């Protein structure tokens with residue numbers, strides 16, 4: 001995954017933790033991105049941590065405090081929602097699932113990343129600016 | 001099961017390193033009081049510990065956080081940062097978040113430090129892994145020291161103008177102000193370092 005340096009992000013205060021996601025341009029932090037991806041199927045906290053660690057080959061390891069704050073923030077934004085699993089016999093574990101709004105956020109992030117990939121591809125492999133072509 | 005009772009008063013970070021040191025020798029924390037900690041013998045390096053300052057949070061927030069940590073399979077214990085004994089108490093915490101500003105006993109007073117235990121995974125046990133999260137956490141600790149410092153600062157100004165004549169008393173006041181300012185410097189330095197990292201990388 002290409003790494004980007006996000007600057008000038010708006011902040012959203014969800015609970016006590018601020019998650020800097022720029023909703024205007026759709027730039028997500030890696031924490032938000034991976035949590036939303038992991039919640040395509042209902043998961044509880046520990047399963048989310050394991051999913052992210054496996055998906056990134058250990059590059060991104062979420063601390064419990066960060067995960068707690070991030071889940072509250074995403075709940076407040078309406079991107080995820082609590083899930084009542086009828087098959088869940090262990091009723092102590094809360095599970096979450098992504099909402100329609102969260103899926104749209106991921107869709108926008110996908111389009112944004114795609115456009116950036118295109119620009120980077122042109123930079124690396126095409127190399128000609130429009131000005132040079134006209135000359 | 002062998003039990004050790006240790007008499008210890010120490011700051012937040014030192015408590016964490018000490019608990020991990022005891023765990024690597026094979027002692028698991030059983031009970032913790034204001035002064036005394038009881039350990040039980042277990043196999044060496046079986047458990048890891050992390051401490052967190054939860055005083056700014058409200059009672060409900062702490063309960064939800066502890067429930068969340070227990071669901072992850074962590075064991076939690078609470079410890080007091082106060083050296084007094086009381087049955088009922090109500091205190092204003094200016095650095096608290098919303099309802100966390102009022103601390104009561106029974107309630108959040110006497111349960112300011114959360115000790116979290118998990119089975120050893122050979123990786124450092126960190127509760128706050130992103131730089132922004134760390135910055136917010138250390139800001140809450142710095143704010144607690146800052147509120148004490150500001151209150152004491154205004155009291156000392158009033159005191160020097162009311163009873164100002166004795167030089168020895170003024171020196172004592174200034175020395176205490178400097179001592180109270182040192183933790184603020186320390187935590188602000190950590191916050192600045194993490195902010196620098198947070199601006200450059202995620």
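The values are calculated or read from the model by the stated rules, or taken from the named source; none is laboratory data. Note that the structure is a prediction, hence the values are computed from the model and not measured. All Cβ positions, even for glycine, are placed from backbone atoms using ideal geometry, and neighbour counts span all protein chains on display.
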Note down all Cβ pairs under 6 Å where the first residue falls in the range B:179-191 and is more than 19 Å from residue B:130 (Cβ to Cβ), the second is modelled with pLDDT of 95 or more, and they're at least six residues apart or on different chains.
none
Please count how many residues of the range B:67-76 are surrounded by fewer than 18 Cβ atoms within 10 Å (Cβ to Cβ) and outside any loop (DSSP other than H, G, I, E, B).
5
Across the range B:1-20, which residue is modelled with the lowest pLDDT among those that are outside any strand (DSSP E or B) and farther than 23 Å from residue B:111 by Cα?
B:1
Name the single residue that is nearest to the other protein chains (Cβ to nearest Cβ) among those in the range B:82-103 being in contact with a helix residue (DSSP H, G or I) (Cβ under 8 Å, 6 or more places away or on another chain) and surrounded by fewer than 18 Cβ atoms within 10 Å (Cβ to Cβ).
B:97
Restricting attention to the range A:75-93, and to residues there that are within 14 Å of another protein chain (Cβ to nearest Cβ) and in contact with a helix residue (DSSP H, G or I) (Cβ under 7 Å, 6 or more places away or on another chain), which single residue is modelled with the highest pLDDT?
A:93
Considering the range B:26-40, residues that are surrounded by 13 or more Cβ atoms within 10 Å (Cβ to Cβ) and not in a strand (DSSP E or B), and then whichever is nearest to the chain's Cα centre (by Cα), we arrive at B:34
So, of the residues in the range B:126-145 that are without any contact (Cβ under 8 Å) to a residue 12 or more places away in the chain and assigned to a helix (DSSP H, G or I), which turns out to be nearest to the other protein chains (Cβ to nearest Cβ)?
B:133
Looking at (1) out of contact with any helix residue (DSSP H, G or I) (no Cβ under 9 Å at 6 or more places or on another chain); (2) farther than 25 Å from residue B:18 by Cα, can you tell me which one residue B:132 breaks?
(1)
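Considering each of A:33, A:51 in turn, give the residue that is modelled with pLDDT of 90 or more, within 12 Å of chain B (Cβ to nearest Cβ) and in a helix (DSSP H, G or I). Full working, then the answer.
On the way: A:51 fails: within 12 Å of chain B (Cβ to nearest Cβ).
Testing whether each residue is modelled with pLDDT of 90 or more, within 12 Å of chain B (Cβ to nearest Cβ) and in a helix (DSSP H, G or I) leaves just A:33.
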Scan the range B:30-80 for residues that are facing another protein chain (nearest Cβ under 10 Å) and on the phi > 0 side of the Ramachandran plot and jot them down.
B:73
State all residues of the range A:54-75 that are assigned to a loop (DSSP other than H, G, I, E, B) and more than 15 Å from residue B:130 (Cα to Cα); if no residue qualifies, say none.
A:56, A:57
Would you point out which residue out of B:192, B:136 is modelled with pLDDT of 90 or more, within 30 Å of residue A:63 (Cα to Cα) and in contact with a strand residue (DSSP E or B) (Cβ under 9 Å, 6 or more places away or on another chain)?
B:136
